[in-house]
Structure formats: structure tokens, C-alpha cells
Amino acid sequence: MDTKCNVGIDLHVHSKASDGSASSKEILNSAQKLGIGAIAITDHDSIEGVREVLQNGIPPGIKFLTGIEISASPPEGFPCSGSFHMLGYGIRVNDTEFNETLEKLRQARKTRNPRIVERLNRMGIDLSLEEVETISGGAQTGRPHIAKTMVAKGFASSINDAFDRYIGKGRPAYVEKYRLECAAAINMISKAGGIPVLAHPVLIKPVDDRPIDSLIHILKSMGLRGIEVYYPEHSLQQTDYYARLATRYGLLMTGGTDYHGSLKPDIELGCGRGDFFVPYRLYEQLIQEGGCDHD
């Protein structure tokens, strides 16, 4: 009998190393208390949270996967807007080429933040990059920290309000960021021993309403190995559709909450909005069929 059949997993979690509010240690301790069977820290363009876990040790009774979430450009044959991100699991954190690419992405992020702050200043919103970095607490600073600073200073009623009115895509203070080419992101993850997985397909918005099926076909040829089938924003029908796509193309299925702590207060670790569940067998399949490293 499978003793793990009723234990869920969460393979999409953000720590303070990118735009989450909790440390990796706090996340792992919470996961242990909640009885989560397996977890992955998947920070944006950063593995510092993963390193923290590996250095501090993994609590008993929980499986841990190294992970990352990389912002990428959609392939030329599938123009789209929305959030096009690639998850990577089972990465060798000391891979030299992988870390060199991450450093380039971090530097691009650093040059973006001052430009956003400058645009806000021109709009009469008085905040400084130093204030934003204080809010981020030394972590990788990004738009959520700018939004949090705006809320703290009374320029926005909430983080969502800051994005909706000022710093979200298409808003007056938005600055486009550097992204890896899609094939490069997949290759980067694969060469570091990881499994590249398309994140939250529901958030991808094809410009000509073509089916996601076409995108999966293109990505599979580039080396894609999985789809994030389970995600809080996916309806039951969408979850079923993405599962069928994964089966059709011989891809692994993953799932996670996209937990950010207080920066996404409606999403709880492991259970999303309370009724979200990712079966433990998907973790087992990642290990057995994907061949990725784990604790």
C-alpha cells in the first residue's frame, strides 16, 4: 500500500531569495508541520534559497528538490504575452555555466529596478531604490518589493493595486526586462542536470488564440520534459487538458502553489486557497522517470 497516497506536494515555492516573504528555512519547517510530502524552492533566476536549504539541512519526513524559475522569451513560432516561465528541477547548484548565466540575469534585474523607480519619481511618487532594498531585506530585489514600498509609503492600497496602476505590464512605470531565449533557458536547465518544465500554462496568452498544443509541440522539440499541470489558477477542465497534453507528448507532470508568503496572501503553502492538491506520485515520477537528483 502506498503510504504517501494522501500526502500532497508543492513544487513551486518562492523564498526571500527572490520575491517571497519567508526564508527557505521557514518554508521547509512549515512544510514539515503541514505534512507536505515533497517540496521545491523555485526562486526567480536564483538558487540562493536552495543553497540555504542544502546548507541548513532538510527536516525529517520531507523530500526536497532543487529548483528554479526562469523568465524566458516565447519561441518565435508562437508569439504570446503573459507569463512565460520555465521551471527547472534537480539542478546541480554548483554547475559553473549555469551560475554564470544566472549572474547575467541578476545583473539585468539590477539595471531594471532603478529605471522603474525613476519612472515612478517622474510621476510624483517619492521613493528611492535604497528604500526598496531595505524592504527586500538584502534579497534579490524586484517589482514586488517596489510595490511593497509603495504600499508602505501610501502610494498604493495594496501590492496588486501598485501593479494594476503603475508597475504591471502596460502600466506607465513598467520596464521590460531581459529574458533568455526559450531554447537557451531549456538548454541551461538541461545542461545543469535538471528537468525543464513549462510553468503555469494558463498564464500564457497566445496573441492569435492558437492552441497551447502548438506551443508544447515546439517546446518538446527544444528539450522540454514536463508541464506544470496542477496550478491554483487552473480550472478542473484546464488541469485535465494539460494532463492530456503531457500524456500525448510523453512529458512529466508537476504542480505547485506558486507560494510567495505575504506577497500573495491568498495562496497558502501546499494547499493554495484551501482546496488545492498535488499528488505525491508526481514527485516519484520526477525522480524515477526524470532521473533528477534529490535529497
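No lab work stands behind these numbers, since they all come straight from the coordinates. As the structure is a prediction and not an experimental result, all values here were calculated from the model. All Cβ positions, glycine included, derive from the backbone under ideal geometry; neighbour counts span all protein chains shown.
Just how large is the dipole of the range 104-167 about the Cα centre, in debye to the nearest 20, putting +1 at every Lys and Arg Cβ and -1 at every Asp and Glu Cβ?
400 debye
Quote the relative contact order of the chain in percent (integer), defining contacts as alpha-carbon pairs under 8 Å separated by 6+ residues. Can you show the working numbers first?
Details: 573 pairs, mean separation 72.8, N = 295.
It rounds to 25 percent for the chain.
Going by how many other Cβ atoms sit within 10 Å of their own, how do 129, 252 line up, fewest first?
If I rank by nearby Cβ atoms, fewest first, I get 129, 252.
What is the dipole size for the chain, taken about its Cα centre, with +1 at each Lys and Arg Cβ and -1 at each Asp and Glu Cβ, in debye to the nearest 20?
The calculated dipole for the chain is roughly 400 debye.
For the range 104-167, what does the alpha-carbon gyration tensor say about shape, rounded, prolate or oblate, given a ≥ b ≥ c as the root eigenvalues, a/c under 1.5 as rounded, and a/b over b/c as prolate?
Values: a/c = 1.68, a/b = 1.44, b/c = 1.16.
Prolate shape, in that a/c is at least 1.5 and a/b is the bigger ratio.
List, in the order given, every pair from 148/177; 169/220; 16/148; 191/264; 177/205 whose Cα-Cα distance in the structure shown is over 21 Å. Don't skip to the end; give the middle numbers.
Numbers: 148/177 19 Å; 169/220 28 Å; 16/148 14 Å; 191/264 32 Å; 177/205 18 Å.
As for pairs spanning more than 21 Å Cα to Cα, those are 169/220; 191/264.
Out of 61, 113, 88, whose Cα points farthest toward the positive end of the dipole of the range 60-122 (charges: +1 Lys, Arg; -1 Asp, Glu; placed on Cβ)?
Result: 113.
Using the Cβ atoms and a cut-off under 14 Å, what net charge is assigned to the surroundings of residue 132, where Lys and Arg are +1 and Asp and Glu are -1? Show your work: numbers first, answer last.
Numbers: positive: 109, 110, 112, 115, 119, 143, 148, 153; negative: 19, 118, 126, 130, 131, 133.
Here the charged neighbours net out to +2.
Counting only DSSP beta bridges with both residues in the chain, tell me the antiparallel percent, nearest 5.
Numbers: 14 of 30 bridges.
If I count the DSSP bridges inside the chain, around 45 percent turn out antiparallel.
Fewest to most neighbouring Cβ within 10 Å: what's the order for 283, 231?
231, 283
Have a look at 201, 75, 60 and tell me which one the Gaussian network model of the chain (Cα, springs below 10 Å) gives the largest fluctuation.
With Cα springs under 10 Å in the chain, the top fluctuation among 201, 75, 60 is at 60.
Give, as a single signed number, the net charge of other residues whose beta carbon lies under 10 Å from the beta carbon of residue 200, with Lys and Arg counted +1 and Asp and Glu -1.
Taking every other residue near residue 200 into account, the sum is -4.
How charged is the neighbourhood of residue 153? Take every other residue with its Cβ under 15 Å from the Cβ of residue 153, and add Lys/Arg as +1 and Asp/Glu as -1.
-3
How do 26, 48, 130 line up, fewest other C-beta atoms within 10 Å first? If you can, show how the numbers build up before the last one.
Numbers: 26 15, 48 18, 130 9.
Least crowded to most crowded, the residues run 130, 26, 48.
Compute the helix-to-body angle for 143-152: its Cα long axis versus the longest principal axis of the chain, expressed 0 to 90° and rounded to tens.
50 degrees
Once you keep just the Cα pairs under 8 angstrom separated by 6 or more residues, what percentage relative contact order results for the range 1-125?
20 percent
For residue 239 and residue 126, what is the calculated FRET efficiency with R₀ set at 45 Å and r taken between the beta-carbons, to the nearest 0.05?
0.50
How far, in degrees from 0 to 90, does helix 236-248 lean away from the longest principal axis of the Cα atoms of the chain, to the nearest 10?
Rounded to the nearest ten degrees, it is 60.
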